[in-house]
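*Asks:* The structure is given below, and queries will be raised subsequently.
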Amino acid sequence: MRQPIIAGNWKMNLGRVDEALAFVRQVRYRLNAIKGVERVLCPPFTVLAAVAEILRPTRIGLGAQTMHWQDEGAYTGEISPAMLAGLCQYVILGHSERRTGRVAVPDQDIEAGVESDDAVNRKIHAALAHGLVPIVCVGENLAQNEAGQTHAFVGGQVRAALAGLTAKQAEMCVIAYEPIWAIGTGKAATPAEVNRVIGLTIRGVTADMFGEAAAQAVRVQYGGSVNADNIAAFMAMPEVDGALVGGASLKPGFVELVQRAASAQDPCRPRAPR
Ligand code: PGA
């Protein structure tokens with residue numbers, strides 16, 4: 001019973017209150033009217049509260065793009081799960097742009113901001129403890145893909161991310177399979193390949209850790225150059241439960257992307273309203 005979920009990851013864009021509100025006002029009613037898929041906006045921290053306010057009358061979800069795992073403390077510039085709880089419902093964790101240190105200094109202590117496997121695991125535990133749904137990103141780089149290491153690498157990331165959770169907690173997570181080479185490049189992975197990695201690797205590892213029921217319950221998105229033209233092909237895949245969308249979530253065409261996602265769903269997909 002998996003309700004598909006389309007999340008827009010704004011990254012470091014539309015972070016001024018005026019531009020964020022102008023965009024959300026443009027899309028919110030049409031996004032809200034779409035049935036059958038959960039839709040989530042993940043803007044920068046600077047506009048979370050303002051966007052939360054104008055999404056209040058809608059069923060559109062709101063997410064942050066990262067967080068610390070501690071509730072409070074001397075962590076300059078960090079945002080805690082306690083600060084996010086009540087403000088939004090989702091949090092993206094372990095995005096490759098943060099894992100690889102593109103937004104921090106590589107090879108530093110995990111508290112410096114680089115999202116190592118260990119940090120991602122702590123953050124997932126903290127998010128769930130605060131009632132936030134983690135959107136956990138995993139994915140191999142081009143060299144790993146070409147060397148045939150996708151299964152081993154992505155499987156290892158999933159195992160590290162979900163370590164120590166209960167089966168119920170694992171089911172609460174959303175996992176986003178985002179091959180790094182497909183992000184922001186305009187070169188999406190093929191739907192068949194995505195379906196295979198999600199089914200064999202991500203659900204396979206989840207089944208190994210938590211049992212088959214949890215593996216069938218956890219929602220797994222695809223991310224990497226998703227747009228309104230290719231979303232239907234991904235949604236038609238039985239293992240794919242939606243998408244994490246970067247660049248294409250910043251334009252009003254995002255509404256059309258989500259509409260196509262909703263109508264491309266396999267009508268036989270077992271799903272439950274959340
Ligand atoms: P993209 O980004 O859709 O711009 O490729 C996806 C992501 O990084 O989540």
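The values are calculated or read from the model by the stated rules, or taken from the named source; none is laboratory data. Everything quoted here is computed from the prediction, not taken from an experiment. Positions of Cβ are generated from backbone atoms using ideal geometry, with glycine treated the same way; all protein chains shown enter the neighbour counts.
*Asks:* Conditions: (1) surrounded by 19 or more Cβ atoms within 10 Å (Cβ to Cβ); (2) out of contact with any Ser or Thr (no Cβ under 9 Å at 6 or more places or on another chain); (3) farther than 15 Å from Val154 by Cβ. Ala213 meets all but one. Number of the miss?
*Replies:* (1)
*Asks:* Further, regarding this structure: Which of the residues belonging to the stretch 16-61 are without any contact (Cβ under 8 Å) to a residue 60 or more places away in the chain, assigned to a loop (DSSP other than H, G, I, E, B) and touching a helix residue (DSSP H, G or I) at 6+ places or on another chain (Cβ under 7 Å)?
*Replies:* Matches in the stretch 16-61: Pro43, Thr58, Arg59, Ile60.
*Asks:* Then there's this: Out of Thr185, Thr201, Thr206, I need the residue that is of a type in the set (Ser, Thr, Tyr), on the phi < 0 side of the Ramachandran plot and within 16 Å of the ligand (Cβ to nearest atom). Which one?
*Replies:* Thr185
*Asks:* If you don't mind, there's one more thing I want to ask. Taking into account only those residues within the stretch 151-176 that are crowded, with 22+ Cβ neighbours inside 10 Å and without any contact (Cβ under 8 Å) to a residue 60 or more places away in the chain, which is nearest to the chain's Cα centre (by Cα)?
*Replies:* Ile175
*Asks:* Now, a different point. Kindly indicate which of Val205, Val197, Val245 is closer than 24 Å to Leu41 by Cα and in contact (Cβ under 8 Å) with a residue 40 or more places away in the chain.
*Replies:* Val245
*Asks:* Just give me the residues in the stretch 149-178 being within 16 Å of the ligand (Cβ to nearest atom) and touching a Phe, Trp or Tyr at 6+ places or on another chain (Cβ under 9 Å), in sequence order.
*Replies:* Within the stretch 149-178, Val154, Val174, Ala176, Tyr177, Glu178 meet the criteria.
*Asks:* Of all residues being of a type in the set (Ser, Thr, Tyr) and within 14 Å of the ligand (Cβ to nearest atom) in the stretch 216-269, which is surrounded by the most Cβ atoms within 10 Å (Cβ to Cβ)? Just the residue, please.
*Replies:* The selected residue is Tyr222.
*Asks:* Are there any helices (runs of 4 or more DSSP H) wholly within the stretch 177-272 with 1 or more residues that are modelled with pLDDT of 95 or more, among the hydroxyl-bearing types (Ser, Thr, Tyr) and under 18 Å from the mean Cα position of the chain (by Cα), and if so which? Spell out the reasoning first.
*Replies:* Working: elements: 191-196, 203-210, 212-217, 231-235, 254-264.
Once the helices (runs of 4 or more DSSP H) in the stretch 177-272 are filtered for at least 1 residues that are modelled with pLDDT of 95 or more, among the hydroxyl-bearing types (Ser, Thr, Tyr) and under 18 Å from the mean Cα position of the chain (by Cα), what remains is 203-210.
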